[in-house]
Amino acid sequence: MSVEHLKLETMAFKSNVIAILEIIPIGRVMTYGTLAVAAGKPGNARQVGELLRGLSITTDHPWQRVINASGRISTYKIGTGELQRALLEAEGVRFNASGRCDLQRLRWFPND
DNA sequence: AAAATGACTTTTT
DNA sequence: CAAAAAGCCATTT
């Protein structure tokens, strides 16, 4: 495989992630890991996070619908996770006392 | 080119 | 159940 091809592959991965991100229904969530799987690169959860960081929060993308595998907010490491939580609560996502949401019920996958 | 990094995840304490 | 360790992999130093 050529280096060029690999580069195109990661570019495709990134646009896939964005495309999927855009169609996550309001009030539903995806984890970094499953989003990576849906975009065609299992094991690349961290790279999904990297990409989302690049979107720099103020965009129109529904970045708030991506959370970690334990059902919690992960953005506190780069800023305040309060914003993400508020945005999610505004669309109906509830969080329990330990900061977790019901992943079993709210997890979404294309073709759910 | 080797080592560190990190919006992660899974397994093991 | 919470915390630590180990695994992971593209990107950045």
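Which whole-number value in Å² is the accessible area per residue of segment A:1-102, probe 1.4 Å?
Ligands and nucleic acids excluded, the result is 59 Å² per residue.
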- Query: Counting each DSSP H run of 4 or more residues in chain A as -39500 (n - 2.57), what helix-only mean residue ellipticity at 222 nm follows after dividing by all residues, to the nearest 500 deg cm²/dmol?
  - Reply: -13000 deg cm²/dmol
- Query: Which whole number in µm²/s is D for chain A by Stokes-Einstein, with the Kirkwood Rh taken over Cα pairs at 20 °C and 1.002 mPa s?
  - Reply: 148
- Item | Stretchable slack from A:SER70 to A:SER98, in nm (0.36 nm times residue separation minus alpha-carbon distance) | 9.0 nm
- Task: Using the Cα centre as the reference, give the magnitude of the dipole from point charges on the C-beta atoms of chain A (Lys, Arg: +1; Asp, Glu: -1; all else neutral), rounded to the nearest 20 debye.
- Result: 340
- If you count, for each residue, the other Cβ atoms within 10 Å and average over each peptide, how do A:27-36, A:47-56 line up from highest to lowest? A:27-36, A:47-56
- Message: Straight-line reach from A:LYS41: which lysines fall under 19 Å, measuring Cα to Cα and dropping same-chain residues less than 8 apart?
- Response: A:LYS7, A:LYS14
- Round to a whole number: what % of the accessible area of chain A belongs to carbon and sulfur, probe 1.4 Å? 55
- Item | Derived scalar couplings ³J(HN,Hα) [segment A:13-28; Karplus, 6.51 cos²θ - 1.76 cosθ + 1.60; whole Hz; x for Gly, Pro] | 4, 4, 5, 5, 4, 4, 4, 5, 3, 5, 9, 5, x, 4, x, 10
- Given a Förster distance of 25 angstrom, what is the FRET efficiency for A:ASN111 paired with A:LEU55, based on the Cβ-Cβ distance and rounded to 0.05? 0.55
- Separation between the A:GLU91 and A:SER15 pseudo-spin-labels, each 7 Å from Cα along Cα→Cβ, expressed in nm? 2.4
- Query: With point charges of +1 on the Cβ of Lys and Arg and -1 on the Cβ of Asp and Glu, referenced to the Cα centre of chain A, which listed residue (A:SER74, A:LEU35, A:MET11) lies farthest in the positive direction of the dipole?
  - Reply: A:SER74
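The values are calculated or read from the model by the stated rules, or taken from the named source; none is laboratory data. Just so it is clear, the structure is predicted and the values come from calculations on it, not from any experiment. Note: ideal-geometry Cβ built from the backbone for every residue, glycine included; neighbour counts use all protein chains shown. Accessible surface is based on the protein model in full, side chains and every heavy atom, while ligands, DNA and RNA are left aside. Shrake-Rupley method; radii C 1.70, N 1.55, O 1.52, S 1.80 Å.
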